[in-house]
Structure formats: C-alpha cells, structure tokens
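The block underneath contains the structure these notes are about, expressed in structure tokens.
The values are calculated or read from the model by the stated rules, or taken from the named source; none is laboratory data. Everything numeric in this text was worked out from a predicted model, so none of it was measured. With ideal geometry, Cβ positions are generated from the backbone for all residues, glycine too; neighbour counts draw on all protein chains shown.
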Amino acid sequence: MSTTNTNTPNKNVQKKQQAVVKKKKYLVFKDTIASPYLNQPLSCISKEYSENILNLLKQLLSHDVEKINDNRMKKKLVFQSLKTEFKLIKKCNNRINVTKKKIQTLKDNIKKEKAATDNSSNTKKRKDQDDIEQYVLGKLKNNQDYDKLTATLNELDIEHKKIMDKIKDLKNTDIEPIKQQQTSDSESRMNQFWIGVNKITRELEKTPVHTPPNIRLIIVCPNQEIPILTSHLPIMAYMRRIPICLISKDTEMIFSNSIGLPNTGLALAIKETKPDEPTDEALEDFVRVSIEASKSVNSLDFPWLPQKYTSAHLTEPIPIKYVSTKVIKEGNKRIKL
C-alpha cells in the first residue's frame with residue numbers, strides 16, 4: 001500500500017507564490033549616467049561669484065517676489081480668519097446643543113409628573129400619549145425657564161447663520177493664482193525661468209542631444225544632505241551643451257528667497273528667448289555673468305570624450321558621427337550578409 005507525504009507542498013501552490021513576488025524597479029532617469037562615469041565631480045563656483053549671481057537674481061525677480069509675497073500674505077490672512085470663524089462656529093454649536101438638552105430635560109420632567117398622576121390602563125396609553133404632549137405644551141407656556149431657553153436658542157440660531165455666511169464669503173474670496181498674475185503682468189520675468197529639479201529634468205529629457213537646446217543656462221544649489229537630488233543635472237546639461245553653474249552650498253536659503261520660494265529652490269533654468277521677444281538687458285547681464293562663473297571651475301571629465309571638450313567650449317558645436325549597427329544572430333537565415 002503506497003503512502004503519500006502530506007508535508008510536501010503542491011507544485012501549483014509554489015508557482016502561484018513565486019508569481020506573487022515582483023522584482024524591484026529602480027527609479028532611473030532616462031539618460032542619467034553621471035556617477036559611474038565621472039572621474040571628478042563639477043566643483044562649485046567661488047563664494048564671491050555666488051553672491052554676485054544671487055544679487056543679480058534678486059534684482060531681476062524683485063517685482064515677482066513682491067507679488068508672490070503679497071499673494072502668500074492674502075492667503076495667510078484668509079486662512080487665519082477661517083480658523084477663527086471655525087472656532088466660533090464650534091462654540092456656537094456646543095451652546096446650541098446644551099440649550100436643546102436643557103429644553104428636553106424640562107419636557108421630560110413634565111412628562112414624568114404626568115405619568116406619576118396617570119392611573120389609566122395599558123389599553124389607553126396610546127390616547128394618553130397625545131394628552132401628555134398637550135399637557136407638556138400647556139405647562140411650558142407659563143414656564144419662565146423655558147421662555148429664556150427658547151429666546152437663547154433663537155439668538156444662537158441667528159448667530160450661527162451669520163458665522164456660516166462669513167465662512168462662505170471667506171471661502172469665496174477671489175485670490176488670483178500667482179501663475180495668472182505672472183501671465184497678465186507685463187513686468188513679470190518669472191515666465192523666463194523653469195524652477196525645480198523635476199521640471200528642469202523633464203525639459204532636459206525632452207531635448208535630444210543633437211538638437212539645439214531650449215535652455216540657455218542652469219543654476220543649481222547642491223543639496224548637502226541628499227546629493228542625488230541634483231547630481232544628474234551636470235552631465236545632462238553637458239551632453240546638451242548647456243552651461244551649468246553650481247553655486248556655493250551655504251547659499252541655499254539666499255537662493256530660495258531670491259526666487260520667492262523658501263526652502264524649495266534647488267535648481268533654476270533660463271529659457272531660450274524667442275526671436276520676436278524684446279531684449280531684456282538685465283536678464284542678458286545675469287546670463288553673461290553666470291556663464292563666466294561657470295567657466296571659472298574645472299570642467300567635467302568624461303572617459304569617452306577627448307580632453308578638449310570642456311565646459312569652456314560648450315557653445316562650440318561638437319562633431320558627432322553616428323554609425324548604424326545591427327546584431328545578427330547565428331543561424332538566422334533571413335538576413336543575407
């Protein structure tokens with residue numbers, strides 16, 4: 001007589017368990033290959049250059065920063081007003097509930113007095129219930145406590161309605177979004193910039209290496225605690241021949257305040273100007289100084305490129321030759337050599 005081992009798991013169960021386990025997917029930018037291939041990282045510019053660039057940036061965006069701060073202050077005032085009104089409505093609701101409970105207690109006490117004097121049978125209880133309600137209403141007419149509670153409840157209802165109307169008006173406060181203000185404001189320069197590491201990275205990824213870039217300059221403030229946030233930008237910019245400037249690491253707060261976004265500004269890119277746009281002398285001066293500062297540090301060193309292709313020659317076209325290749329597998333009879 002054959003015996004089977006009950007401890008052996010079913011093969012189908014094992015396959016299902018293996019199918020559930022998924023491989024980890026690592027987050028990698030499309031053409032971010034900086035760290036494994038760099039012999040030396042791109043150095044930050046000097047503190048003097050950094051301060052000069054940030055002063056020019058502050059002057060350049062002073063109008064926009066003022067608008068951003070005004071918009072932020074309006075939102076803050078509305079938020080504080082809403083917070084105060086919500087506290088008042090909470091207190092008002094509590095007082096209404098307490099008053100209603102007191103009125104209900106008065107009614108219950110009168111019903112208890114009526115029930116104590118009522119000696120009717122169980123069959124007459126349904127009729128007596130209507131009589132009790134009429135009896136309670138009659139007793140409450142001459143009750144001073146009930147009159148006071150009713151008057152208080154009416155006042156609280158009026159106060160509650162006023163607070164709710166004020167909350168509704170505050171929620172409907174028309175604060176124009178800052179992006180719409182920048183679009184309609186002729187003095188705004190914020191539309192000439194892309195701000196944020198993610199936004200700049202997406203724009204770089206959309207720009208093929210062999211096409212003219214739509215970015216004139218990139219300014220980066222490296223994050224000391226999380227360097228991986230910005231470590232991919234130098235090589236992505238270099239491959240597209242875009243000047244990149246790493247400002248001093250201790251100027252992060254000054255950099256953020258210069259663009260009106262505290263604690264968020266790690267990178268800033270200047271868009272390529274359109275031919276029909278008028279020349280902005282202040283912007284051109286800022287770009288010129290920043291490009292000169294980017295040339296003051298050692299360039300990136302790539303093992304697969306000659307040494308002459310440094311950051312100082314980013315504006316010069318790099319001759320690139322593309323050679324088409326294909327892989328032919330052994331035994332493939334369809335392709336003729």
With (1) within 20 Å of Met190 (Cβ to Cβ); (2) assigned to a helix (DSSP H, G or I); (3) in contact with a helix residue (DSSP H, G or I) (Cβ under 7 Å, 6 or more places away or on another chain) as the list, and Met236 as the residue in question, which single condition is left unmet?
-> (1)
Starting from the stretch 274-285, keep only residues that are modelled with pLDDT of 80 or more, then list their pairs with residues that are assigned to a loop (DSSP other than H, G, I, E, B) and not hydroxyl-bearing (Ser, Thr, Tyr) whose Cβ atoms are within a distance under 7 Å, requiring at least 6 positions of separation or different chains.
-> Leu283/Arg189
Answer residue from the stretch 191-216, given it is more than 25 Å from the chain's Cα centre (by Cα) and of a type outside the set (S, T, N, Q) and is nearest to Val289 (Cα to Cα) among those = Arg216
Applying the selection to the stretch 234-249, what residues are without any contact (Cβ under 8 Å) to a residue 60 or more places away in the chain and not basic (Lys, Arg)?
-> Ala237
Residue ID - nearest to the chain's Cα centre (by Cα), chosen from residues in the stretch 57-100 that are closer than 21 Å to Lys161 by Cβ and free of Cβ contacts under 8 Å to residues at least 40 places away in the same chain = Lys83
Counting only residues that are without any contact (Cβ under 8 Å) to a residue 12 or more places away in the chain and assigned to a helix (DSSP H, G or I), which one in the stretch 220-233 is surrounded by the most Cβ atoms within 10 Å (Cβ to Cβ)?
-> Pro227
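Condition check ((1) under 30 Å from Thr279 (Cα atoms); (2) modelled with pLDDT under 85) across all residues:
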position	(1), (2)
Leu106	no, yes
Ala115	no, yes
Lys125	no, yes
Lys139	no, yes
Thr183	yes, yes
Arg189	yes, yes
Gln192	yes, no
Glu203	yes, no
